[in-house]
Amino acid sequence: MTSLNLDRQAKRLRGVASLLRANGPRTIASAIRGEPTVLRSPELDHPVLVEGRADLAAFDANTRRRIYAVPREHNDRVEGRLIIDLGGNIGTTAAYFASRFPTSPVVSVEPHPRNFERLRLNVEPYGGRVVPLWAGVGGSGRGPLALANPGGDPMSYSFVESGPEKPGDVVEAPHVALTALLAVEGQVPAPTPG
């Protein structure tokens, strides 16, 4: 094994150890079994509710692996500006950004009803700092979108505009154009810390 691979493995193990320290092995096992489980992370101001491996993977991606982390030297480019989270899932990304940038309003858009309900619950402790929006983004912004998952992968949904033929659709979601979201910048009040 090369030195680079050993470094990656060591980093991964440190991250898993951190997750276990913050939540305990029984709590992590409950989440893996699909039981509703509250998880904590030093990256988030408030705990989040997860249920199942897909939710746990989203939590891990945002807290341990920090896939959306903004380098500290760029904080001034983000702080106080509107953050739009497209595909908000269960809200871990929105919670991360609200925790990391307390003066930035966050709009989190999620089309899947189950994920949206979890997102809404998970961002509720942030008050008006995070605005959850049940919708899909793209296209014309007219009419609903059909949320399709032809491959069955819980992390792999896609949209098709609604119509009489919607093979593989799971659910319809309201549709909002990206331009409409971008126009929100001056309309979402910037929260004040504390």
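The values are calculated or read from the model by the stated rules, or taken from the named source; none is laboratory data. The structure presented is a predicted model; accordingly, all values stated were derived computationally and were not measured. We place every Cβ from the backbone using ideal geometry, glycine too, and count neighbours over all the protein chains shown. Only protein heavy atoms, including side chains, enter the accessible area calculation; ligands, DNA and RNA are left aside. Shrake-Rupley method; radii C 1.70, N 1.55, O 1.52, S 1.80 Å.
Assess whether Val123 counts as being in contact (Cβ under 8 Å) with a residue 24 or more places away in the chain, open to solvent by less than 60 Å² (accessible area, probe 1.4 Å) and part of a strand (DSSP E or B).
Numbers: in contact (Cβ under 8 Å) with a residue 24 or more places away in the chain: yes; open to solvent by less than 60 Å² (accessible area, probe 1.4 Å): yes; part of a strand (DSSP E or B): no.
Spelling it out, it is not the case that Val123 is in contact (Cβ under 8 Å) with a residue 24 or more places away in the chain, open to solvent by less than 60 Å² (accessible area, probe 1.4 Å) and part of a strand (DSSP E or B).
What is the number of the single condition among (1) small (Gly, Ala, Ser); (2) within 28 Å of Asn149 (Cβ to Cβ); (3) modelled with pLDDT of 95 or more that Ser99 does not meet?
(2)
Give me the residue from segment 87-102 that is in a loop (DSSP other than H, G, I, E, B) and not small (Gly, Ala, Ser) and, out of that set, surrounded by the most Cβ atoms within 10 Å (Cβ to Cβ).
Taking the candidates together, the pick is Ile90.
Would you call Thr63 among the β-branched types (Val, Ile, Thr) and either touching a helix residue (DSSP H, G or I) at 6+ places or on another chain (Cβ under 8 Å) or crowded, with 19+ Cβ neighbours inside 10 Å (or both)? Give the steps one after another, and end with the answer.
Values: among the β-branched types (Val, Ile, Thr): yes; either touching a helix residue (DSSP H, G or I) at 6+ places or on another chain (Cβ under 8 Å) or crowded, with 19+ Cβ neighbours inside 10 Å (or both): yes.
So Thr63 passes the test.
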